[in-house]
Every structure is written in structure tokens, then in C-alpha cells.
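The values are calculated or read from the model by the stated rules, or taken from the named source; none is laboratory data. Note that the structure is predicted; figures quoted are calculated from it, not measured. Positions of Cβ are backbone-derived with ideal geometry, glycine not excepted, and every protein chain shown enters the neighbour counts.
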Amino acid sequence: MDTEGQTPQQLYTDIPPTKIRNREEKFRTAKNVPFWQWVGDNVFPRMLRARFHSLMVKGDKEYLENRDKTKATIFYVSHNNWWDGIVAYNIVYMHLKMRLRLMIEEMNRFPLFQYVGCFPINKKSAQTAIKSLQYAVTTLDKPDICFWIFPQGIIRPPFYRPEIFQSGLAYLAQQAVKKYGGINLIPISTQYIFLREDRPEILVQFGEVEKLYSADFDKKEFTHRLERIHETLNDEQRNNIGSANFDGYRYIYKQKQKWYKRIETRLKNIGIKDPKYKLKD
């Protein structure tokens, strides 16, 4: 969403951008083209490293061990800011070493994303949106597919409550079970915060894997259940960070300390004799 010239009160809207623009967009199927994959693998990690001090993950090992390894996975995640898609790319391709599928609204602005696993969704009408969801189901046919979905359907502020999902997530899960016999579902909570560095840090927490094999459920009730699961995970992560509890997190990358930070660390360590209280360079 273009925020130039807007007041803070105008930063968020309940109306999807494609509905506001109300225009036709070319549909592009998701592909994995080696050249553009190489470009993405070189560009997107550098983008994160240039803006964030670190990227940490928690619960990813449990996901890799406990998922049904014969089925694809749907990750459902809050959409709070511009960086969410870049984080998805880095987590799936650079960390999990799997293949990403991601729906992007107004993808006509970023057509090359088609070649790294993305495809568009146009929400100007229910008919155009369902076409993208029907295509999305066809991408869930391989166990190395990680389908990253923002079920709120629109960018919301951090900590927006209550979490309200649209029906697309339930539709995908139900159709994947019918077509492929099952699907892995896993909530992910992401926080972008300043800790003790001069740049923000990204903390990504994987929730528990739900291996879904039955399509016999009401989509509305199922959606509400997933809302509460994700909201609970989000609140748990935020509360743990607030109480300085970082148990289970591992660095995917961490910036080396700048020269001025090294000097600051050494000055802070002056007079501290107990090694357990000394800050590390």
C-alpha cells in the first residue's frame, strides 16, 4: 500500500488494494526458474542483513521432525508489514531448503516474483479471488512445498486483536485433504523488534504441527479455531520476549559487531570481574 502523503489514521484500510483499483490483472502461474532463483538467493538475504541485526527462529526443528513428510505444508502467518514476504523467502529457501508458494496481491507490480514461486490474487471480486485459490490447491501436490499464507487477507497493525481470518485458509486445507489425502498446517508468529542493538531483530516462532487428514469440517468453525491457535501463539511469543525469555531461539544469521559497538562493549566490561556478567563482542 502506498503511504506517501497519508496521515497515520490512513495507514490501514479494510479494503484490499485490488478492490480499490478494480482492474484486470494478468494471472501468472508460480515457477521455480534456476536463474531467478539464484538472483533471489543473492538479493533477498542481503536485503535482510542490510536492515536487521539478526534473524532468529524457534520450533523449526520440531516442525521438520513432526510433520507428515509425504505432504505439503501450509504456514499461516500474520501480515503486519512490507518485510513479511522477504522473511518468508529467507525462511523457506535459505533455511528450510524447501520450495515457497506465496500469493501476492497486485503482483503486476512485481511480475518477476512468478519465477521464485509466487502467483497473484485479485480481490476485486469473489470470482477472481476463488480462481487464485483454486490454482493454489494445485500447488500443494509435493511434500517440499511450503505454502505461506496471510489469512487475514490484508495488512493489519502488529498485535491487532482479535485476529480475524478470511475463509481462504480453510478452503485450501479442505481441498488439499480431498485432493492429496492430507496437509500439514502450522502457525508462525513473527516479531520485528529492537533488543540491545542499533538495528531491529526478527524473531520467528513455529507453532505445533497439525497433520490434517479429514475434510469433514465446517469451514467457518475451522477458521475460528485457527484464529485462536494463531492468536495464542502470537501472544505467547510477545509475552516471552517481554519477560526476556528467549529459550529455544537460534540465530539464522547475526551481524558482526560494528567497531563502535565493540568499543562500547569493552567500556561496559571495565570493572566487571565475574565472567558470567561480561558482555560478548
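Tabulated results
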item	result
Test: THR29 is over 30 Å from LYS124 (Cα atoms) and β-branched (Val, Ile, Thr)	no
All positions within the range 208-232 that are of a type in the set (Ser, Thr, Tyr) and crowded, with 19+ Cβ neighbours inside 10 Å	THR223
Qualifying residue in the range 12-31 (condition: of a type in the set (Gly, Ala, Ser), in a loop (DSSP other than H, G, I, E, B), surrounded by 16 or more Cβ atoms within 10 Å (Cβ to Cβ) and touching a residue at least 12 places away in the same chain (Cβ under 8 Å))	yes
Within the range 118-198, strands (runs of 3 or more DSSP E) holding 3 or more residues that are modelled with pLDDT of 95 or more and crowded, with 22+ Cβ neighbours inside 10 Å	145-149, 183-193
Yes/no for TYR89 being in contact with a helix residue (DSSP H, G or I) (Cβ under 6 Å, 6 or more places away or on another chain) and not charged (D, E, K, R)	yes
Scan of the range 130-156 for residues that are farther than 13 Å from THR73 by Cβ, touching a residue at least 60 places away in the same chain (Cβ under 8 Å) and over 15 Å from the mean Cα position of the chain (by Cα), ordered by number	LYS131, SER132, TYR135
Qualifying residues in the range 67-82 (those that are closer than 21 Å to TYR12 by Cβ and in contact with a helix residue (DSSP H, G or I) (Cβ under 8 Å, 6 or more places away or on another chain)) - the one modelled with the lowest pLDDT	SER78
Residue ID - modelled with the lowest pLDDT, chosen from residues in the range 252-262 that are surrounded by fewer than 12 Cβ atoms within 10 Å (Cβ to Cβ) and not basic (Lys, Arg)	TRP259
Out of MET98, MET94, sole residue that is of a type in the set (A, V, I, L, M), surrounded by 13 or more Cβ atoms within 10 Å (Cβ to Cβ) and over 23 Å from ILE183 (Cβ atoms)	MET94
